Amino acid sequence: MAHLPKRSPVVQGTAPPYRALRGNPLSDAEFRTGVLTTAWTPTLEYAWDAGEAISEFLDGLRQGKILGVRCRRCGRVVTPPRAFCELDFKPMDEWVELASTGTVNTFSICYVTWDMKPLRRPQLPAVIEIDGTNPRGGFLHLVGGVPGRSVEEIRRRVRVGMRVQAVWKPRAQREGAITDIRYFAPVASGRSR
């Protein structure tokens with residue numbers, strides 16, 4: 001049987017039990033003046049692996065392209081891309097360059113930010129169905145370039161079915177993020193599908 005070190009005795013009636021351990025307790029004054037402390041804010045750098053499909057999609061955005069993938073079995077095209085088709089569980093590895101245009105599937109008029117700070121000018125988050133993809137898909141982004149501040153003004157200019165075009169950041173400012181598309185602006189003709 002291995003020899004285990006003796007445990008420090010716990011003295012009855014003391015709380016917490018660590019007070020029975022050997023050592024010299026420090027007074028508050030001794031602790032504040034005699035113990036070295038430091039305040040330090042670390043700089044943390046990290047890399048996040050977005051996965052194969054989303055990494056390719058984000059690289060496409062950096063180049064000013066919206067990419068999707070096609071399922072070999074059912075033929076549907078989706079963006080943002082995914083590794084497999086959730087309808088038939090087959091790999092989706094045929095890349096398709098899509099148009100920078102689409103249709104507003106749904107939208108909202110928001111006068112607060114995601115962290116509940118008031119906005120002077122409303123934001124218009126919308127689900128955009130990108131041309132060349134299957135219906136009822138798309139991704140969440142902002143509709144912009146719409147004049148007006150009141151709900152009534154905006155509702156006259158933005159509607160479900162409205163055609164929109166991606167407005168990109170300048171090439172030098174792109175970083176491979178969904179925000180490389182600043183927003184989707186109404187297409188001049190504004191015709192619905």
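Read-outs: derived from the displayed coordinates by stated rules, not from any lab. All figures in this text were calculated on a predicted structure; none of them were measured in a lab. With ideal geometry, Cβ positions are generated from the backbone for all residues, glycine too; neighbour counts draw on all protein chains shown.
Using Cα-Cα distances under 8 Å and only pairs 6 or more residues apart, what relative contact order does the chain have, in percent?
Values: 317 pairs, mean separation 32.2, N = 193.
Computed value for the chain: 17 percent relative contact order.
Please give the charge dipole size of the chain, origin at the Cα centre, charges +1 on K and R Cβ atoms and -1 on D and E Cβ atoms. Round to the nearest 20 debye.
600
Of the labelled options [x] 10.9; [y] 24.4; [z] 13.8, which one gives mean projected area of the Cα convex hull in nm² as computed for this structure?
Only one listed value fits the structure, namely [y].
Just order 126-139, 84-97 by mean Cβ neighbour count inside 10 Å, highest at the front, would you? Working shown, then result.
Numbers: 126-139: 18.8, 84-97: 13.6.
The packing order, highest mean first, is 126-139, 84-97.
Tally Lys and Arg at +1 and Asp and Glu at -1 over the other residues with C-beta under 11 Å from the C-beta of D180: what net charge comes out?
Summing Lys/Arg as +1 and Asp/Glu as -1 gives +4.
Less than 9 Å Cβ to Cβ from R72, Lys/Arg counted +1 and Asp/Glu -1: what total charge do the surrounding residues give?
+1
Take the alpha carbon atoms of segment 112-142, find their center, do the same for segment 47-102, and report the distance between the two centers in whole angstrom.
Going from one Cα centre to the other spans 19 Å.
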